[in-house]
Amino acid sequence: MRFVVIGAGMAGVLSGIRLRQAGYEDWIVYEKGDSVGGTWRENTYPGLSCDVPSHIYSYAFEPNPDWSQRFSPGSEIRRYFEGVADKYGILPRIRFNEEVDRLEFEQGRWRITLKSGKRDEADVVIAATGVLHHPMVPEIPGLDSFAGACFHSARWDHSVPTEGKRVGVIGTGSTAIQITSALVPSTAKFSLFQRTPQWIAPQQNADYTDAEKASFRRDRVAFRKMADDLTRGFHETFSNGVVDAQSEQMKNLEALCRKNLDKSVKDPVLREKLRPNYRAACKRLIMSGDFYDAIQQPNAELVTEGIERIEPKGVRTKDGRLHELDVLVLATGFRVDRFLRPMKVRGRDGVDLEDVWKDRPNAYLSISIPGFPNLFMLNGPNGPVGNFSLITIADMQLHYVLQLVEELRAGRGREISASEPAMQRFSEEFDRAARNTIWATGCRSWYLDSRGVPAVWPFTYQRFTEEMARPVLANYELR
Ligand code: NAP
């Protein structure tokens, strides 16, 4: 069987490794960029780090005793992925600067057309195309008229100096908060344009000492146990809490965030501007140990007036004030409803994915779409993406996918995809559960789909683990 993997980010590299371990030799990875790393290649903004502990945000088979910090910086994470791809011999199998344009299922095989015009074929396609991938550029009047440098946070222009400059950042998501902490100390003036305040959980990010790293290297069992304990603690306190808005975990989390705000911000006016009027973790929870300190610095300003328009000299807010800027950063997030798009995907009988997904993207267990056989998504729609280690998630999904593929290898059929009734049942149960989650308690966020229903895994982590352990073949159509 021939496999095509799309994307050489964390999940694409993992796919190559797992395919080889499963004994498949005929596979290739198409990557539109010029190197591996996905989101860690595209995001290079100042202050970039991962707020999932590094010892959890690692491949299970490649623990890294050398992480510099509990929450290591983005550049180090990118080097880690590059190192793993190299060590496991994945790089020669990646075709860089090749973007997949079309996927068409014809006569039992996927026909793949690349933007370069090249063509390929595969029995199985694994889409490892990422979630937070397509920058969301806001429609603010006059944006193009800005005379200084303006870019999205995921397209950071490192040729533009920020030191000693007047920098403005639009947005208060995880990205903007990290940028704020990193840039306030070196800019002349820093303006953070906040449309909605965010709850912020405290975070301590200690460096690992040489002695600690040596002990991780020496005692692999204890090292593994530490990572497992971190994972378990995280799931017990957070992952299982978010799916039940009434849970004790969510109440405790809110108290923690409130205390963090009350204790950290001295000026009562600023404190109230920073206080959200919705529940903690309704939006994707932010963790930061230095944001409140940064925004209280004399050169920092939290601008809460709405943005009227962008002008050549800066941002005009609705109170008529012009905030003059040299650099404007759009930390405005991503179009998370894209998934496989903009690729044009046609399944069995020429069915267009755009039509199937015209209301919203949907997939059985986040992996398979009825009528699109032998096409499997990693970190696809409705998956567990909120504050988890997506590496663990992708690995479990691959384990599951390879069991489906095993049905083909064993000759029990040539085409496998989720059945329509299974998709239907899953969607109904999903929607019911989604309404009980913390994400549905009244805030705007990228978790919500076009109907306002959270589009991320609304069940417990345990349930996800159980589902991924073994596919229920009765929920699949095998031809
Ligand atoms: P985001 O969470 O979607 O935040 C976008 C921000 O831009 C929001 O504050 C939003 O305001 C604001 N915004 C959007 N359009 C606007 C407009 N027209 N005018 C004014 N403000 C506007 O995006 P993000 O911060 O890039 O983060 C996305 C996700 O990436 C995170 O939730 C997280 O999952 C991931 N991430 C993870 C890490 C990590 O450490 N693991 C770090 C960075 C990002 P509203 O809130 O009012 O909509």
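Annotations
- Leading residue by the ranking (farthest from the ligand (Cβ to nearest atom)) among those in the range 52-61 that are within 30 Å of Met343 (Cβ to Cβ) and either of a type in the set (Ser, Thr, Tyr) or open to solvent by less than 30 Å² (accessible area, probe 1.4 Å) (or both): Tyr59
- The range 20-36, subset outside any loop (DSSP other than H, G, I, E, B) and in contact (Cβ under 8 Å) with a residue 40 or more places away in the chain, residue most open to solvent (accessible area, probe 1.4 Å): Arg20
- The one condition from (1) more than 30 Å from Val169 (Cβ to Cβ); (2) without any contact (Cβ under 8 Å) to a residue 24 or more places away in the chain that Arg79 does not meet is (1).
- Taken over the range 261-286, the criterion of being out of contact with any helix residue (DSSP H, G or I) (no Cβ under 7 Å at 6 or more places or on another chain), under 25 Å from Arg70 (Cα atoms) and surrounded by fewer than 21 Cβ atoms within 10 Å (Cβ to Cβ) is satisfied by Lys263, Leu285.
- Apart from one condition, Ala455 fits all of (1) open to solvent by less than 10 Å² (accessible area, probe 1.4 Å); (2) within 16 Å of the ligand (Cβ to nearest atom); (3) not basic (Lys, Arg); the exception is (1).
- Meets criteria (β-branched (Val, Ile, Thr), out of contact with any Leu (no Cβ under 8 Å at 6 or more places or on another chain), touching a residue at least 12 places away in the same chain (Cβ under 8 Å) and under 26 Å from Arg409 (Cα atoms)) for Ile90: yes
- Cross-chain or 6+ apart pairs with Cβ under 8 Å, the range 210-237 first and over 22 Å from Thr460 (Cα atoms), then assigned to a helix (DSSP H, G or I) and open to solvent by 70 Å² or more (accessible area, probe 1.4 Å): Phe223/Arg217
- Top-ranked residue in the range 167-192 [being more than 11 Å from the ligand (Cβ to nearest atom) and of a type in the set (A, V, I, L, M); ranked as nearest to Ala294 (Cα to Cα)]: Val184
- Any hit, the range 336-353, residues being free of Cβ contacts under 8 Å to residues at least 24 places away in the same chain, crowded, with 17+ Cβ neighbours inside 10 Å and not assigned by TED's automatic domain parsing to the domain that holds Lys165: yes
- Matching residues in the range 114-139 - criterion: being modelled with pLDDT of 95 or more, open to solvent by less than 30 Å² (accessible area, probe 1.4 Å) and among the β-branched types (Val, Ile, Thr): Val124, Val125, Ile126
- Residue check, Thr39 surrounded by fewer than 19 Cβ atoms within 10 Å (Cβ to Cβ), under 16 Å from the mean Cα position of the chain (by Cα) and touching a residue at least 12 places away in the same chain (Cβ under 8 Å): no
- Scope the range 193-211; condition more than 10 Å from the ligand (Cβ to nearest atom) and within 22 Å of Gln69 (Cβ to Cβ); matching residues: Ile200, Ala201, Pro202, Gln204, Asn205, Ala206, Asp207, Tyr208, Thr209, Asp210, Ala211
- The residue that is nearest to Gly314 (Cα to Cα), counting only those in the range 144-166 that are open to solvent by less than 30 Å² (accessible area, probe 1.4 Å) and within 16 Å of the ligand (Cβ to nearest atom), is Phe146.
- Qualifying residue in the range 302-315 (condition: under 26 Å from Arg70 (Cβ atoms) and either more than 12 Å from the ligand (Cβ to nearest atom) or surrounded by fewer than 18 Cβ atoms within 10 Å (Cβ to Cβ) (or both)): no
- Only one of the numbered conditions (1) in contact (Cβ under 8 Å) with a residue 12 or more places away in the chain; (2) closer than 28 Å to Thr441 by Cβ; (3) charged (D, E, K, R) is violated by Glu324, and that is (2).
- You will find that of Leu48, Leu14, the residue that is buried (at least 17 other Cβ atoms within 10 Å of the Cβ), away from the ligand (no atom under 14 Å from the Cβ) and modelled with pLDDT of 95 or more is Leu14 and no other.
- Residue pairs whose Cβ atoms lie under 6 Å apart, separated by 6 or more positions or on different chains, with the first residue in the range 422-434 and surrounded by 18 or more Cβ atoms within 10 Å (Cβ to Cβ) and the second in a helix (DSSP H, G or I), are Ala422/Asn475.
- Of the residues making up the range 367-426, those that are assigned to a helix (DSSP H, G or I) and farther than 17 Å from Ser239 by Cα number 21.
- Leading residue by the ranking (farthest from Lys313 (Cα to Cα)) among those in the range 191-211 that are surrounded by 15 or more Cβ atoms within 10 Å (Cβ to Cβ) and more than 25 Å from the chain's Cα centre (by Cα): Tyr208
The values are calculated or read from the model by the stated rules, or taken from the named source; none is laboratory data. Owing to the predicted nature of the structure, the values given are computational and were not obtained by experimental measurement. Cβ sites come from the backbone with ideal geometry, for glycine too, and all protein chains shown count toward neighbours. The protein model used for the area step is the full one, side chains on, heavy atoms only, and it has no ligands, DNA or RNA in it. Shrake-Rupley method; radii C 1.70, N 1.55, O 1.52, S 1.80 Å.
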